[in-house]
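What follows is one structure encoded as structure tokens, with my remarks underneath.
The values are calculated or read from the model by the stated rules, or taken from the named source; none is laboratory data. Predicted model only: the values in this text are computed from it and were never measured. Because the Cβ atoms are built from the backbone with ideal geometry, glycine has one as well, and the counts that use them run over all protein chains shown. Accessible surface is based on the protein model in full, side chains and every heavy atom, while ligands, DNA and RNA are left aside. Shrake-Rupley method; radii C 1.70, N 1.55, O 1.52, S 1.80 Å.
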Amino acid sequence: MKFASTATYVATDDLRVAVNAAVTLQRPLLVKGEPGTGKTELARQVAAALDLPLVEWHVKSTTKAQQGLYEYDAVSRLRDSQLGPGLGGERVSDVRNYIRKGKLWQAFEAEGRVVLLIDEIDKADIEFPNDLLQELDRMEFHVYETGETIRARHRPVVIITSNNEKELPDAFLRRCFFHYIRFPDLDTLRAIIAVHFPGIKDALLTVALTQFFELRDTPGLKKKPSTSEVLDWLRLLLAEDLEPADLKRDGKTSLPKLYGALLKNEQDVQLFERLAFLARSGR
């Protein structure tokens, strides 16, 4: 069971090694990188390549680790206890009626092996990773309301993504296999684009990528455009049926055509407007 590139996803050699090493070691794969470099998509492609079901847990700032295991709905049970027989009151006697299974429970009880994605773990509070240490390490957890222990039938392939918004605890990092997805070089980016736009003309692509990398390498950018954003930009260029000559900048502006797909805040737009002003004034 080995992961490789798929028809819709270009995996670099070091990424393939990282995925297969994590699978062999049976440890979670912690994937970091800039937003838009394909971290979440990696889990979906691993599931497709290994022909395994995918369980996705998207973490928010309010997410608690317990929600990944299960949630006990005490309010509903209290409400039902006030109902008589035939009105739903008979459900109260079985606490299992008020247990909502979380994503880890779903992955643990699956009939076969699955890929479990824990997406953007750094969005939650600092205790979130620590609260999952034992469950991810031992692949089991206890349900206090029923007294049962839930054990994984098959150890899932766990992929955890992080945008590096906050540091993760050392104890958590020690249990993971780590990989940082670097921004692709020119050749890799061309291969990625070829997967999404197989018919794109080389002349247009060359001019577009030249402008893209010039923009990305501009000092002072608050947010550098990512892989997903250059794909959006190219989709717009093709939809507008633009030619390489249409992308030429005439000196009145340093902004590329349809720049809204690449620049996502007013500070970066203003930066390029200042650069254009300096260029016009010959400074």
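Computed values, structure above
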{"read-out": "Test set (1) part of a strand (DSSP E or B); (2) farther than 26 Å from Ser162 by Cβ - Trp57 fails condition number", "value": "(2)"}
{"read-out": "Out of Asn164, Asn97, sole residue that is in a loop (DSSP other than H, G, I, E, B) and modelled with pLDDT under 90", "value": "Asn164"}
{"read-out": "Count of the range 162-191 residues which are in contact with a Phe, Trp or Tyr (Cβ under 8 Å, 6 or more places away or on another chain) and either closer than 30 Å to Ala74 by Cα or buried (at least 17 other Cβ atoms within 10 Å of the Cβ) (or both)", "value": "0"}
{"read-out": "Out of Leu116, Leu54, sole residue that is in contact (Cβ under 8 Å) with a residue 40 or more places away in the chain, closer than 29 Å to Leu30 by Cβ and open to solvent by 20 Å² or more (accessible area, probe 1.4 Å)", "value": "Leu54"}
{"read-out": "Flag if Ala18 is within 29 Å of Gln134 (Cβ to Cβ) and in contact with a strand residue (DSSP E or B) (Cβ under 9 Å, 6 or more places away or on another chain)", "value": "yes"}
{"read-out": "Matching residues in the range 13-28 - criterion: being in a loop (DSSP other than H, G, I, E, B) and under 17 Å from the mean Cα position of the chain (by Cα)", "value": "Pro28"}
{"read-out": "Any hit, the range 14-24, residues being at positive phi, in contact with a Lys or Arg (Cβ under 8 Å, 6 or more places away or on another chain), of a type outside the set (Asp, Glu) and surrounded by fewer than 19 Cβ atoms within 10 Å (Cβ to Cβ)", "value": "no"}
{"read-out": "Qualifying positions in the range 237-256 - within 27 Å of Val10 (Cα to Cα), open to solvent by 30 Å² or more (accessible area, probe 1.4 Å) and either among the polar types (S, T, N, Q) or not in a helix (DSSP H, G or I) (or both)", "value": "Glu240, Asp241, Leu242, Glu243"}
{"read-out": "Selected residue (criterion: most open to solvent (accessible area, probe 1.4 Å)) from residues of the range 214-236 that are small (Gly, Ala, Ser) and under 25 Å from Gln45 (Cβ atoms)", "value": "Ser228"}
{"read-out": "Residues satisfying the stated conditions in the range 192-213, i.e. exposed (fewer than 13 other Cβ atoms within 10 Å of the Cβ) and aliphatic (A, V, I, L, M)", "value": "Ala203"}
{"read-out": "Qualifying residue in the range 139-161 (condition: closer than 24 Å to Leu15 by Cβ, part of a strand (DSSP E or B) and open to solvent by 30 Å² or more (accessible area, probe 1.4 Å))", "value": "no"}
{"read-out": "Set Glu127, Glu135, Glu120: member being under 30 Å from Asp94 (Cα atoms) and charged (D, E, K, R)", "value": "Glu135"}
